[in-house]
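Structure first, then comments.
What follows is calculated from the coordinates using simple rules that are stated; it is not laboratory data. Predicted model, so just to flag it, every value in this text is computed and none were measured. Virtual Cβ from ideal backbone geometry, glycine too; neighbours counted across all protein chains shown.
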Amino acid sequence: MQKNEKSETVFHKEIRPENPRLNGLLKFDSMAIGYKFAADILVKEIKEKSIPLTSFNLRDVESLVYPIAFLYRHYLELRLKEIIKEGRDLIGDDPTYKTTHNLIKLWENAKSVIEKVYPNDDPQVLIEAELFLKTFNEVDSMSESFRYPTDKSGNTLLTEWENLSLQELADEIEKVYQLVVG
């Protein structure tokens with residue numbers, strides 16, 4: 001890929017404190033946490049009314065629902081892929097797997113790894129995580145519902161849903177986060 005003058009000013013190799021490294025933490029874990037952290041910041045700002053909810057800017061605040069939901073969904077997808085890859089490697093299985101954006105297909109693989117690595121853990125935790133992942137997957141099975149207004153065939157997305165509770169979503173994501181890290 002040929003570099004142009006603009007790419008040299010935005011993407012470069014010069015090390016400066018204000019420039020985060022792109023390849024220094026290039027792992028599922030680091031990327032996943034970044035997506036979750038960004039969504040958490042947005043939810044917190046809205047909740048604490050740092051972004052005031054007035055009729056004048058309600059549309060602006062509502063427009064944040066899409067990136068927030070996408071950030072959380074992508075966090076889940078990356079975490080599941082991390083569990084599959086790292087977990088299979090840990091138990092001596094082939095760490096490769098068929099990649100997909102479908103959370104349920106990823107969950108089925110991740111769940112089998114979790115059950116092998118932690119056979120004595122409370123199965124209720126996995127049941128609750130699965131229920132949440134099924135709900136999220138029902139709304140966005142291919143990671144496009146919060147990125148585009150229509151699917152590849154031109155069908156309008158999210159027509160069956162009216163509202164999204166950002167705080168409830170953040171709380172459910174936190175439960176999954178605790179399952180993964182705790």
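Using amide H atoms built in the peptide plane, which far-off residues or other-chain residues are under 5 Å from residue 157 H to H?
Under 5 Å from the amide H of residue 157: 150, 151.
So how do 48, 174 line up by other beta-carbon neighbours within 10 Å, fewest first? Please report the intermediate quantities before stating the final value.
Values: 48 8, 174 12.
If I rank by nearby Cβ atoms, fewest first, I get 48, 174.
At a Förster distance of 25 Å, what's the computed FRET efficiency of residue 38 paired with residue 127, Cβ-Cβ distance as r, to 0.05?
It comes out at approximately 0.30.
Arrange 159, 99 by Cβ neighbour counts within 10 Å, fewest through most, would you?
Going from sparsest to densest Cβ surroundings: 159, 99.
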